[in-house]
Amino acid sequence: MSFSPRVFSLVFGLVYTVAHLLEMPLWRYYPLVGKFSLTDLVDLSNGPSMNWYGWMSYAAIAGVIAAVVVPKRIDNKIPAAVFYVLPFVILVCGIYTERSWFLAPPTG
Amino acid sequence: MIAFWDVLHAIFAMLLLGAVTHQGLSVWRKPAPARAFIDRFRAVNGPGYANAVVVLYLVTFALGCYIYPPYVLDVKSSLFAAGLSGQVGLFQIKEHVAVVALALLPVYWHYWRTVPLTEDTGIRRFVTTVIMVAVWWNLVVGHILNNTKGLV
């Protein structure tokens, strides 16, 4: 059993992007009450939820599984060009989903 | 106590910044005698930095994850209430930039430590530069947010 760093990077980046775009964290953290939850606790008294850890958890699990399972011959076929594109995919999707912070009128 | 972790996060970020900048500039250097300061700065043994950059990045990232919840509760809500949603947005993008570098870290390590330096120089140069720019971006944005009260 071997671990492919290239496969991990690729799958981690793509799964993070998809989980983030679909607002689909594996789990959420509610810092105000110190609660972890696998579902969205809609009760406002729990305060804001943090999804970022949950997106990364999905990405890390998928990345590790893929890096162990994908055979070396397929790993060798992944062109290096993929890694030129990957950072831009993550970043562009991230900026797109955060655009509302820059478009929202000041509230103060 | 959160101030301690915040400062520790900043110290590791500075160590990381130094290491990744040396290496990031070295990959763009053509072999030649290093006479000027900038050439001496980047005339380093690039592969020797790879493990240090990975470890420093992971430690800095972990510390950032630890101090993130107090930021969400205290700083983010205050910034939003003050109408500084642009600053909040900058930090939100910092999240994704940090993940870009985190995602590239294994492939960065692969191209520095397991591939001969004469091969795949283009992709090695690219991932190192992206990680260097990500670290610089996150440090500058972190400082802007840290100093927002004094800046506005």
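The table below lists the values:
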item	result
Listed residues A:Y84, A:Y58, A:Y29, most fluctuating in chain A (Gaussian network, C-alpha, under 10 Å)	A:Y84
Eligible aspartates and glutamates near A:K77 by straight Cα distance, threshold 18 Å, same-chain separation 8 or greater	B:E119, B:D120
Inter-chain shielding of B:82-95 (mean C-beta neighbours from other protein chains, 10 Å cut-off)	5
Computed magnitude of the charge dipole of the protein assembly as shown (debye, nearest 20; Cβ of K, R +1, Cβ of D, E -1)	860 debye
Residue-normalised accessible area of the protein assembly as shown, given per residue in Å² at a 1.4 Å probe	52 Å²
Cβ neighbours within 10 Å from other chains - mean over A:4-16	4
Choice from B:T21, B:T128, B:T114 showing the highest fluctuation, given a GNM over chain B with Cα pairs closer than 10 Å	B:T114
Choice from B:L73, B:L17, B:L25 showing the highest fluctuation, given a GNM over chain B with Cα pairs closer than 10 Å	B:L73
Those lysines that a straight Cα-Cα span of less than 22 Å connects to B:K76, excepting residues fewer than 8 apart in one chain	A:K35, B:K94, B:K149
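The values are calculated or read from the model by the stated rules, or taken from the named source; none is laboratory data. Just so it is clear, the model here is predicted, and its values are computed rather than measured. Here the Cβ is made from the backbone with ideal geometry for all residues, glycine too, and neighbour counts use every protein chain on show. Ligands, DNA and RNA are excluded from the accessible area calculation, which covers all protein heavy atoms including side chains. Shrake-Rupley method; radii C 1.70, N 1.55, O 1.52, S 1.80 Å.
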